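Report on the structure given below.
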Amino acid sequence: MLHSCEGSGVKNKGLSIRGMVYASIFGAVTAAGAYIMIPLPPVPITLQTLFLYVAAALLGGRLGALSQVVYLLVGLIGLPVFAGGKAGMGVLLGPTGGYLIGFIAGAYVIGKLVETKRTPGLIWIVFSMVSGTALIYLFGVFQLMIIANLSMNKAITVGVLPFLIGDALKIVVAAFLTLKVRDRIRI
């Protein structure tokens, strides 16, 4: 069952074979984004979220989230796809694991928000990506607080503030990429 991506590229995003292939490809691209990094402790800056944003905006909520599930599963089985070439359950249970779990929720929210508009414009796509990023930060800060035993202020200081400018730039780039390719993606 093939579905057209008229307008936003995310209308009727059933789990078609094509949709699952796109989700897998975006999961792999997210993994590649983990290798493009600036190693800041405790949370490195990577291009993972850039690819997450594009995946979610193009594929919609379900398939966008599925792309991130694929990414996490590949890392959990031991392939070194997390930031810094890490892998395994220890990463997911470690201080930065909340961000990784947040990738699934963030992609879902971004995709669902984009889906609400027939042909979303730049502002709506950016708003959707900002909303998803806030959710990723929420998951990340929560786990930083628990695992690293940080106060909320300290977790926000080390786990959000250093990334705001970079994430804002990634959102703008991802939104423009989405607008540029959305009519070429067929789910």
Item to check | Matching residues in segment 82-120 - criterion: being aliphatic (A, V, I, L, M), touching a residue at least 40 places away in the same chain (Cβ under 8 Å) and closer than 24 Å to MET145 by Cα | outcome: ALA83, LEU93, ILE101, ALA105, ALA107, VAL109
Item to check | Qualifying positions in segment 120-144 - β-branched (Val, Ile, Thr), closer than 17 Å to LEU161 by Cβ and over 14 Å from the mean Cα position of the chain (by Cα) | outcome: VAL141
Item to check | Checklist (1) in a helix (DSSP H, G or I); (2) over 11 Å from the mean Cα position of the chain (by Cα) applied to PRO95, failing item | outcome: (1)
Checklist entry - Counting just the residues of segment 98-131 that are charged (D, E, K, R) and assigned to a loop (DSSP other than H, G, I, E, B), which one comes out surrounded by the fewest Cβ atoms within 10 Å (Cβ to Cβ)? => result ARG118
Checklist entry - How many of the residues in segment 165-187 are farther than 22 Å from TYR108 by Cβ, free of Cβ contacts under 8 Å to residues at least 40 places away in the same chain and of a type outside the set (D, E, K, R)? => result 2
Checklist entry - Within segment 148-165, which residues are surrounded by fewer than 16 Cβ atoms within 10 Å (Cβ to Cβ) and either in contact with a His (Cβ under 8 Å, 6 or more places away or on another chain) or part of a helix (DSSP H, G or I) (or both)? => result MET152, ASN153, LYS154, THR157, LEU161, PRO162, LEU164, ILE165
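The numbers here are math on the coordinates, done by the rules we state, and not lab data. Remember, predicted model here, so these are calculated numbers, not experimental data. Glycine also receives a Cβ, built like all others from the backbone with ideal geometry; neighbour counts cover every protein chain displayed.
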